[in-house]
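The values are calculated or read from the model by the stated rules, or taken from the named source; none is laboratory data. Please read all numbers here as calculations on a predicted model, not as lab measurements. Cβ: placed from backbone, ideal geometry, glycine included. Neighbour counts: every protein chain shown. Ligands, DNA and RNA are excluded from the accessible area calculation, which covers all protein heavy atoms including side chains. Shrake-Rupley method; radii C 1.70, N 1.55, O 1.52, S 1.80 Å.
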Amino acid sequence: MKIRAILLNLAVALIALIVLFPLVWMVSVSFMATGEAAVFPPPLLPSHWTLEHYRDLFLNQGMGRYLWNSFALATLATILALSFTVPAGYAFAKLKFAGRERLFQFLVAALVVPAQIGTLPLFLMLKSMGLVNTYAGALVPWLASIFGLFLVRQYALSIPDEMLEAARIDGASEGQIFRRVVLPTLQPIIVTLGLFVFLGSWNDFLWPLIILTDQSNYTLPVALAALSREHVQDIELMMAGAVVTVAPVLILFLALQRYYIRGMLAGSVKG
Amino acid sequence: MTVVDPTLAKVRPSRGRGARERAAWAFVAPALIAIGLFFALPVIAALLLSLTDFDIYALANLDNLRFVGLQNYERLLTNPLFWGAMKNTLTFAVLGVPLSIAASLAAAVILNARVVKWRPIWRVMFFAPYVTTLVATAVVWRYLLHTRYGVINWGLESIGLPAVDWLGDPSTSIPAILMFVVWKIFGYNMLIFLAVLQTVPDDLYEAARIDGAGSWKQFRHVTLPAIAPTMLLVSIISVASFFQLFAEPYVMTQGGPAQSTVTVLYFMYEEGFKWWNLGSASAVAFVLFLCILAITLVQLAVAKRVGAYQ
């Protein structure tokens, strides 16, 4: 029994090492002097710590601009996605309207269609509207989240009808009920969905790569991919860029991980 | 409550229902319009686009657009590059799905053991790579896999094994990218497995132990039957996600060496946004869709039979 406990704890330590090593190494190398990481055997810690690559990134490579783009787009995507999907998810769960069931079945069926299928026509459509290379173009896919609608509906089903009925008898309008009764009860799922959208937008690559054609509009992942083709040899600089890209989302996730994991499990149990 | 004003009873529900119906439409309309405009319409348009020869000339002037029927599909099916991309994607899925699920399951079973300390911390830590930015961690792994200075080769050499040209050799490029992908995603399915494992009552393990079952037998006869339905669902969902690999080869190998890591989505991207053959690229998108749809239908059929789907 003792041996089993030791072995299991060792196994966990080993997995932890494999999981953490790339991230710790990334941070460590980002503080090394130019060229220090390109030797054999690879050094694990800087001989002396330097911020030169972070300075280079923000002063010469336009990292501040990319960071701002990523942050602004992720924030706007979150606000827009929430204001489109939360009322709809609630209505699908709690308000009766003609054709609701049929519409819902249609949306369920549409879930199997991967969004990438429409990428090319969507690009042409936005091009004809003059939205290529704009924030608006980059934000458009986040408005049409069927998954988000489901997540909210699933949660809203648990709101007791009596609560809504009571508010109606008190003379509240549907809009007031939504604001004063429904939104507070939906708060946990709003945080979860907001987190999903923020991280999803921040980490997204294919769509911003296509729609943001001008370098000044690049998000961090697009800029990092472009930089890494230019600066293949500059390991230390690339690691600093990776740190700037990963750190915000990692910190955000760690701060709100309970919401993230709960929502993820709720979404996957339903298939 | 016993005395009901007849006028009120008549007016209230009808007026209430009408207002509620109008409010409901106001709530769902923005989302439905967005879904129709930016999701449904493009998907339908993709089907039409795939039947045209939309290319860079049509992009400049729509008069150059012609309807070509199934020609794009015919040309794809005779294009060795497309078949190469299909083969690579299948290789990714066939190797990656069992590998990632085995890793997820192993981690879940280990973390589910009561004797392991600080379990909530490990749970979050093992999941963390999943939320990291793919492009950034792919860049990190490209250097970890570096032939001369990479930590992985250093590890191999220090135990007496020869260095491997991971991303430079067509026979190791897919396994190399898979190492990264498994590292990044195993935490996701691990959490799902853990959630299911926690529903297995301790009595079952207790009973098995009393019957003299060792760790392996407990796993085989208690754990595995309990998670079988979840495992099935998870594996088929994973296939669909492995069909959509794009950023990994884009960042780590740019499809190389010798086209060995060009996936279907990567092929679509190059066809559409590098060569501007949007008609033919849409055909690729539809073939990809049909593959994923076939997998999803199998998923639903199998799940229904197992009874895991509600």
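Only protein heavy atoms count here; under a 1.4 Å probe, residue B:158 has an accessible surface of about 80 Å².
Each of B:126, B:289 has its accessible area taken with a 1.4 Å probe; listed largest first, they run B:289, B:126. The modelled label-to-label distance for the pair residue B:172/residue A:17, using points 7 Å beyond Cα in the direction of Cβ, is 2.1 nm. Close amide H contacts of residue B:52 (hydrogens built in the peptide plane, cut-off under 5 Å, sequence separation of 5 or more or a different chain): B:68.
Across q = 0.10 Å⁻¹, the range A:142-239 modelled as identical point scatterers on its alpha-carbon atoms has Debye log10 I(q)/I(0) values of -0.50, in the order of the q list. Put the Cα centre of the range A:1-57 next to the Cα centre of the range B:70-145 and the gap is 22 Å. If a spin label sat at a point 7 angstrom from the Cα of residue A:169 along the line to its beta carbon, the backbone N atoms of the range B:16-45 nearer than 20 Å would be those of B:16-20.
Each residue, residue B:116 and residue A:68, gets one label point 7 Å from its Cα in the Cβ direction; the gap between the two is 4.5 nm. Between the C-alpha center of the range A:93-111 and that of the range B:209-238 there is a gap of 37 Å.
Here the contact order of the range B:28-171, divided by its residue count and restricted to Cα pairs under 8 Å and six or more residues apart, works out to 9 percent.
Which of the listed residues, A:51, A:112, A:82, is farthest toward the dipole's positive end in chain A, when Lys, Arg count +1 and Asp, Glu count -1 at the beta-carbon? Selected residue: A:112.
By Kyte-Doolittle mean hydropathy of at least 1.0 and Cα axial length of at least 24 Å, which whole DSSP H helices of chain A are selected? Helices passing the filter in chain A: A:2-30, A:183-203, A:235-255.
Kirkwood-based Rg over Rh for chain A (C-alpha set), two decimals? Taking Rh as the inverse mean 1/r over Cα pairs, Rg/Rh reads 1.07.
Dividing the Cα radius of gyration of the range B:29-132 by its Kirkwood radius returns 1.23 for Rg/Rh. Directionally averaged projected area (the range A:1-47, Cα convex hull): 4.1 nm². Computed FRET efficiency, Cβ-Cβ of residue A:187 and residue B:60, R0 35 Å: what is it to the nearest 0.05? So the FRET efficiency works out to roughly 0.10.
Chain B and chain A together bury an accessible surface of about 8200 square angstrom, both sides counted, with a 1.4 Å probe and no ligands or nucleic acids included.
Seen from all directions on average, chain B presents a Cα convex hull projection of 28.3 nm². Membrane-span-like helices in chain B (whole DSSP H runs, Cα extent of at least 27 Å along the helix axis, mean Kyte-Doolittle hydropathy of at least 0.0): B:6-35, B:80-112, B:173-197, B:278-306. Using a cutoff of 8 angstrom between alpha carbon atoms and counting only pairs six or more residues apart, the relative contact order for the range A:138-228 works out to 30 percent. Of the whole protein surface, residue A:251 contributes about 120 Å² of accessible area at a 1.4 Å probe radius.
Can you list the residues of the range B:284-305 with backbone N under 19 Å from a point 7 Å past the Cα of residue B:235, pointing along Cα to Cβ? In the range B:284-305, the label zone of residue B:235 (backbone N under 19 Å from the point 7 Å along Cα→Cβ) covers B:292-305.
Taking 0.36 nm per residue of sequence separation and removing the Cα-Cα distance, the residue A:180/residue A:147 pair yields an extension gain of 9.4 nm. In percent, rounded to a whole number, the relative contact order of chain B is 26, using alpha-carbon pairs under 8 Å and six or more apart. Projecting label points 7 angstrom from Cα along Cα→Cβ for residue A:135 and residue B:305 puts them 5.2 nm apart.
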